[in-house]
Amino acid sequence: MINLVGKRYWFFLLSAIIVIPGLISLFIPPGLRVGIEFTSGSSMTFHFEKPVEQADLRQELAKLGHDEAIIQRTGGGDFLVRTQEIDRDEKTKLEDGLKSRFGDMTTLDYYSVSPLVAAEVVRAAIIAVIAASIGMLIYIAIAFRKMPQPWRYGTTAIITLIHDVLVVVGIFSILGKFFNTQVDALFITAILTVVGYSINDTVVIFDRIRENMSKGVSKVYETLVNRSLVETLARSLNTGLGTLLAIAALYLFGGVTIQTFCLALLIGITSG
């Protein structure tokens, strides 16, 4: 039988190698490059009839007073542009300037987020993560109340989900600094999904530990835990790999608007 528990310090080292650079990046401002949902601003998707280079579009936007604009090319060759908040009159002026430079174009999508709405989104996201963590801690403690020290199981489960969340957030902090990758409202949805997957895998292993303990499989706790891990390993891998394949397909073919969401899920579920 594979001795996973005996090699736990190697796994701790691997986690540290991944998590610590992310934590360092988070402490270097800006910790995360947040999208307009959290800071306010406007988002537009432009379709040009003639081919346009991203560098040329960036230069023209700077001439039009939007040198802060963040530009991403979508899978269909269109451009997703995020700027500071602009009203419809300013949007029309921006479109006219781009048309005079690049020819016929169409605005496929446009929306703005005010500072008030952005602050509310941040508050709601923090409350959602805290409430989910507390709820799961209480649930696990109740579900395993007949086990010795049930609160330790709940606390351990929270530590594992914090680990998975730190992996995702840390990597996105690094990506934001080097590749201008932004986090948006869908990123919070992805974090909560990762939390759910993390808790699900943990509860399955805990349940097998409880089952093996009731059967008296071993009086040595490390042996008991190791056997439970090995017995649930195939299930965890099959579930995780099946999910990852579906998310990878969405990341590659689902379009730029959900790429951040899919990337966060890919990282978080792999970590879990």
Review point. Using alpha carbon centroids, what distance separates region 189-205 and region 7-73, in Å?
Key: 26
Point to revise | Principal axis dimensions, region 1-156 - Cα atoms, whole angstrom, descending | key: 72, 36, 29
Point to revise | Accessible area of region 61-165 belonging to carbon and sulfur atoms, whole % at 1.4 Å probe | key: 60
**Study point:** FRET efficiency, L23 to D96 (Cβ-Cβ, R0 45 Å, nearest 0.05)
**Key:** 0.45
Check your understanding: Label-point separation (nm) for V204 and L244, each offset 7 Å from Cα along Cα-to-Cβ?
Key -> 1.4
Exercise for review: Just the number, please: Stokes-Einstein D of region 97-209 in µm²/s, Kirkwood Rh from C-alpha pairs, 20 °C, 1.002 mPa s.
Suggested key: 125
Study note, to complete from the structure: Mean accessible area per residue over region 114-252 (1.4 angstrom probe, all protein chains present, square angstrom) is 54
Check your understanding: Of the chain, which part is the longest with no trypsin sites (Lys or Arg not before Pro) in a loop (DSSP not H, G, I, E, B) and with at most 11 other C-beta atoms within 10 angstrom?
Key -> 1-144
Review point. Given a Förster radius of 35 Å and the C-beta distance between T270 and A55 as r, what FRET efficiency does 1/(1 + (r/R0)^6) yield to the nearest 0.05?
Key: 0.55
Check your understanding: With the Cα gyration tensor of region 127-272 giving a ≥ b ≥ c as the square roots of its eigenvalues, does the rule (a/c under 1.5 for rounded; else a/b larger than b/c for prolate; else oblate) give rounded, prolate or oblate?
Key -> prolate
Practice item. Just round it to a whole percent: the fraction of Cα-Cα distances in region 143-189 exceeding 16 Å. Key: 56
**Study point:** Lys, Arg +1 and Asp, Glu -1 on Cβ, resulting dipole of the chain about Cα centre, debye, nearest 20
**Key:** 1560
Practice item. Please identify the helices of the chain, taking whole runs of DSSP H, that span at least 27 Å along their own axis as judged from the Cα atoms and have a mean Kyte-Doolittle score of -1.0 or higher. Key: 115-143, 150-179, 185-215, 221-253
Review point. Between V129 and R88, what is the FRET efficiency for a Förster distance of 41 Å, r being their Cβ-Cβ separation, to the nearest 0.05?
Key: 0.75
Check your understanding: Rounded to two decimals, what is Rg over Rh for the chain when you use alpha-carbon atoms and the Kirkwood radius?
Key -> 1.09
Review point. Shape call for region 190-272 from the C-alpha gyration tensor, a ≥ b ≥ c root eigenvalues: rounded (a/c under 1.5), prolate (a/b greater than b/c) or oblate?
Key: prolate
Exercise for review: With the full set of protein chains in place, find how many percent of the accessible area of region 169-272 is carbon and sulfur; take the probe as 1.4 Å.
Suggested key: 65
Check your understanding: Hey, which of these cross-link pairs are over 19 Å Cα-Cα: K63/K93; K91/K177; K7/K146?
Key -> K91/K177; K7/K146
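The values are calculated or read from the model by the stated rules, or taken from the named source; none is laboratory data. In this text, all values refer to a predicted model and were calculated from it rather than measured experimentally. Cβ coordinates were reconstructed from backbone atoms using ideal geometry, including for glycine residues, and neighbour counts include every protein chain displayed. Areas reflect the complete protein model, heavy atoms only, side chains present, ligands, DNA and RNA absent. Shrake-Rupley method; radii C 1.70, N 1.55, O 1.52, S 1.80 Å.
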